[in-house]
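> If you scroll down you'll find the structure; I have some questions about it.
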Amino acid sequence: MPSRRHLAPLLAATLCAAAALLPAGASAGEQAYRAVAAARKLVASGQVPTGTRIVLGFKQGNINAFLGADLALQKEWENLTGIVLDAHIVPQQPIRETLRSTPGFDLAVARNHEYPDLLADGLITEIGPLMAEYGYRFDDNGTDGYMRPDLQSRVGDHTVAIPADGDIVLMYLRRDLMEDGQEQAAFHKAYGRPLAPPRTWTEYEDLVRFFHRPSQGLYGAAEERDEEGAWMYWMPRFLSSAAPLAELFDDQMRPRLNTPGALAATENYVAMVKYAPQGITDPGRNYNFTLPLFAQGKAFTTMNTIAGARMFNGEGSAVRGKFVAVPLPGWRVDNRLVRQSTLIYGNNLVIPKTARNPRLAFLYAMWATDPDVSTRLIGITGAFTDPYRWNHVRDARIRKIYTPEALETFSGEWAAAQPAGTGLQGDAQYLAALDRNLTAAARGEIGAQEAMSRTSAEWEQITDRLGRARQILQWQAFRRQFGGRP
């Protein structure tokens with residue numbers, strides 16, 4: 001085997017050759033160059049024929065993000081490596097269903113909370129060995145590192161995903177209304193405190209109630225209440241209900257949902273329906289319904305990822321220059337404010353177990369998520385990918401798209417971010433039960449206490465069905481990994 005001393009000049013020459021092939025004005029960092037060099041070496045050695053295809057299974061909103069506007073990034077990768085990207089649009093459904101029904105993809109997009117089930121079902125490949133083989137690690141340095149790769153890439157001791165999207169929850173408020181002198185005076189008179197972003201979920205409800213004026217075409221809140229994502233907007237409320245944070249289960253995997261904190265979180269979640277547009281709990285009323293309402297100036301507040309700032313700051317938005325992104329509120333527990341956020345959607349890269357070209361898929365993913373290459377794909381029109389590296393939030397083009405103020409809040413919220421979902425095998429089952437009962441409560445079919453009691457009973461059945469002893473071990477490992485959460 002060649003020594004490191006002999007490999008260094010060869011790698012340098014390969015990187016220089018790759019750099020020479022870049023389009024004018026394009027940029028790529030060491031991570032990308034190393035991926036290109038490794039791919040070219042596979043071709044040169046005959047291990048991979050020129051023209052080999054990497055089969056991509058992406059949802060509609062991910063295609064532009066990874067292939068680039070007018071396929072610019074696809075063409076660049078193919079010119080650099082001779083490896084073809086064969087992209088296919090997959091259904092808007094859990095990736096678990098797609099990978100079960102359609103084998104053959106080399107690379108796919110998965111949401112953060114899906115990892116445990118995907119790994120347990122043998123649907124994705126652990127990429128730790130590939131990281132070691134090619135000398136990569138998910139650096140989290142504050143200059144150009146990944147944002148919280150511990151949350152974005154891992155299940156216990158297993159590295160299963162390449163971070164490629166930064167989806168933590170933010171709150172958006174109408175700044176123009178908050179800064180209006182008459183509104184400030186009226187709010188102070190009604191609540192005895194200044195009109196300001198909410199520190200607690202109770203203060204949040206006060207704000208929403210105050211600005212709920214449907215007769216004037218203004219709703220207090222446009223918060224999602226679609227069943228498929230109910231957990232996303234309940235979880236931050238619940239996690240903040242105990243110090244240092246609330247836990248979904250105890251040491252024996254008994255649900256901690258029949259607690260005062262869980263009940264308060266559920267009641268607050270349900271209360272928002274009173275201040276929302278009619279039909280907010282109807283099926284399909286997700287961000288495609290709530291975000292346009294806020295962008296049209298028809299709601300005082302909404303909650304979503306940093307993608308919301310991109311929409312609200314866009315041309316044609318009625319709230320351009322009139323909104324502010326703020327941290328999520330919390331609860332006061334033992335005379336201290338406890339505040340937690342969480343990852344929700346996420347469009348990160350996984351390698352299916354059935355991949356024919358896992359090495360090439362891994363190298364392409366590392367090329368695309370390089371600090372410099374990824375900066376070019378963030379904010380592309382029609383794409384879902386949002387900042388996930390620290391250099392993204394300092395890039396002038398990205399700051400113009402999202403606004404510096406929203407990116408500052410976004411950057412600060414990563415410190416309070418918690419993992420998505422439950423972190424357990426069976427996550428889809430646990431969350432489906434929670435979503436179903438939260439939605440029944442939001443629709444007024446059952447009370448908040450009944451929603452928690454039913455969810456608790458269903459969770460017990462799921463745990464017993466999956467094997468309590470095994471689930472306890474997973475829960476203990478998850479808590480150790482994330483310092484006692486969730």
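> Volume per residue, Å³, of the convex hull around the alpha-carbon atoms of the range 225-313?
It comes to 120 Å³ per residue, whole-number rounded.
> With the crude spin-label approximation of a point 7 Å out along Cα→Cβ, what separation in nm comes out for ALA457 versus ALA190?
With each label point 7 Å from Cα toward Cβ, the separation is 3.9 nm.
> Let me ask something else. Just tell me which aspartates and glutamates come within less than 17 Å, Cα to Cα, of LYS189; anything on the same chain fewer than 8 places away is out.
In chain and number order, the partners are GLU179, ASP180, GLU203, GLU205, ASP206.
> Report Rg(Cα)/(2.2 N^0.38 Å) for the range 151-254, keeping two decimals.
Expressed relative to 2.2 N^0.38 Å, the Cα Rg reads 1.45.
> Using only Cα atoms and rounding to the nearest 10 degrees, what angle (0 to 90) does helix 72-81 make with the longest principal axis of the chain?
Its long axis makes an angle of about 30 degrees.
> Cα centroid distance between the range 182-203 and the range 35-110, in Å?
51
> Nearest 10 degrees, 0 to 90: what angle lies between the long axis of helix 4-20 and the longest principal axis of the chain (Cα atoms)?
Rounded to the nearest ten degrees, it is 70.
> Please state the shape class of the range 227-278: rounded when a/c is under 1.5, otherwise prolate if a/b exceeds b/c and oblate if not, all from the C-alpha gyration tensor.
Prolate is the answer for the range 227-278, as a/c is 1.5 or above and a/b outweighs b/c.
> Between GLU126 and THR259, what is the FRET efficiency for a Förster distance of 45 Å, r being their Cβ-Cβ separation, to the nearest 0.05?
Given R0 = 45 Å and the Cβ-Cβ separation, E is 0.80.
> Now, a different point. What FRET efficiency comes out for THR381 versus ARG320 if R0 is 25 angstrom and r is the Cβ-Cβ distance? Round to the nearest 0.05.
Once rounded, the FRET efficiency stands at 0.95.
> From the residues ALA368, ILE63, PRO260, which one has its Cα farthest along the dipole of the chain in the positive direction, the dipole being from +1 and -1 charges on Cβ of Lys/Arg and Asp/Glu about the Cα centre?
ALA368
> To continue, here is another question. I'd like to check one number: the per residue accessible area of the range 362-486, probe 1.4 Å, reported in Å² as a whole number.
35
> Next question. Quick one: helix 468-481 against the long Cα principal axis of the chain, what's the angle to the nearest 10°, folded into 0 to 90?
Value to nearest ten degrees: 80.
> Another question, then. Just the Cα atoms of the range 162-213, one point each, no solvent: what log10 I(q)/I(0) does Debye give at q = 0.18, 0.26, 0.28 Å⁻¹?
Results for the range 162-213 at q = 0.18, 0.26, 0.28 Å⁻¹ read -0.60, -1.09, -1.24.
> Using only the alpha carbons, work out the radius of gyration and Dmax of the chain in angstrom.
Spelled out, the Cα radius of gyration and Dmax of the chain are 23.4, 78 Å.
> Rg and Dmax in Å for the range 362-486, alpha carbons only: what are they?
Expressed in Å, the Cα Rg and Dmax of the range 362-486 come to 20.0, 52.
> Which shape class, rounded, prolate or oblate, goes with the range 298-431 when its Cα gyration tensor gives a ≥ b ≥ c as root eigenvalues, a/c under 1.5 marks rounded, and past that a/b bigger than b/c marks prolate?
It comes out oblate by the Cα gyration axes.
> Continuing with this model, one more query. For the range 158-287, build the charge dipole from Cβ charges (+1 Lys, Arg; -1 Asp, Glu) around the Cα centre, then report which of GLY166, MET178, MET235 sits farthest towards its positive end.
Farthest along the dipole direction, towards plus: MET178.
> Next question, about the same structure. Measure out, as a whole number of angstrom, how far apart the alpha-carbon centroids of the range 225-245 and the range 431-486 sit.
12
> Related question: Order the following by accessible area, largest value first: ARG480, ARG285. Probe radius 1.4 Å; ligands, DNA and RNA are ignored.
Ranking ARG480, ARG285 by accessible area, largest first, yields ARG480, ARG285.
> Still on this structure, please answer the following. Pull up the DSSP beta bridges for the chain and report the antiparallel fraction as a percent, rounded to 5.
The antiparallel fraction comes to roughly 65 percent.
> I want to check the label-to-label distance for ARG443 and ALA469. Put each point 7 Å from Cα in the C-beta direction and report it in nm to one decimal.
4.0
> If the only charges are +1 at each Lys and Arg Cβ and -1 at each Asp and Glu Cβ, what is the size of the charge dipole of the range 89-157 around the Cα centre, to the nearest 20 debye?
The dipole of the range 89-157 has a size of about 200 debye.
> With a ≥ b ≥ c taken as the square roots of the eigenvalues of the C-alpha gyration tensor of the range 72-176, please select rounded if a/c is under 1.5 and otherwise prolate if a/b is larger than b/c or oblate if it is not?
rounded
> Next question, about the same structure. Mind checking the full-extension length gain between ASN79 and ASN141? Use 0.36 nm per residue of separation minus the Cα-Cα distance, one decimal, nm.
Answer, rounded to one decimal: 19.3 nm.
> Suppose R0 equals 60 Å. What FRET efficiency, 1/(1 + (r/R0)^6) with r the Cβ-Cβ distance, do ARG356 and GLN216 give to the nearest 0.05?
It comes to 0.55.
> Here's another thing I want to ask about it. Students often forget the sequence filter, so: which lysines lie under 22 Å Cα-Cα from LYS75 once same-chain residues fewer than 8 apart are removed?
Cross-link targets: LYS41, LYS59.
> Using a Cα-Cα cut-off of under 16 Å, which lysines could be cross-linked to LYS322, ignoring same-chain neighbours fewer than 8 residues away?
LYS322 reaches LYS298, LYS400.
> Whenever you get a sec, compute what percent of the accessible area on the chain sits on carbon and sulfur atoms (1.4 Å probe).
51
> Okay, moving on. Size of the dipole of the range 226-368 about the Cα centre, Lys and Arg at +1 and Asp and Glu at -1 on the beta carbon, nothing else charged, in debye to 20?
The calculation lands at about 400 debye.
> Further, regarding this structure: Per residue, how large is the accessible surface of the range 151-278? Use a 1.4 angstrom probe and give square angstrom.
Heavy-atom SASA per residue in the range 151-278 reads 37 Å².
> Quick one: putting +1 on the C-beta of Lys and Arg, -1 on the C-beta of Asp and Glu, what dipole do you get for the chain around its Cα centre, in Debye to the nearest 20?
In debye, rounded to 20, the chain gives about 480.
The values are calculated or read from the model by the stated rules, or taken from the named source; none is laboratory data. Note that the coordinates shown come from a computational prediction; the quantities given were computed from them, not determined experimentally. For neighbour counting, all protein chains shown are included, and Cβ atoms are generated from backbone atoms with ideal geometry for every residue, glycine included. The area values use the complete protein model at the heavy-atom level, side chains included, leaving out ligands, DNA and RNA. Shrake-Rupley method; radii C 1.70, N 1.55, O 1.52, S 1.80 Å.
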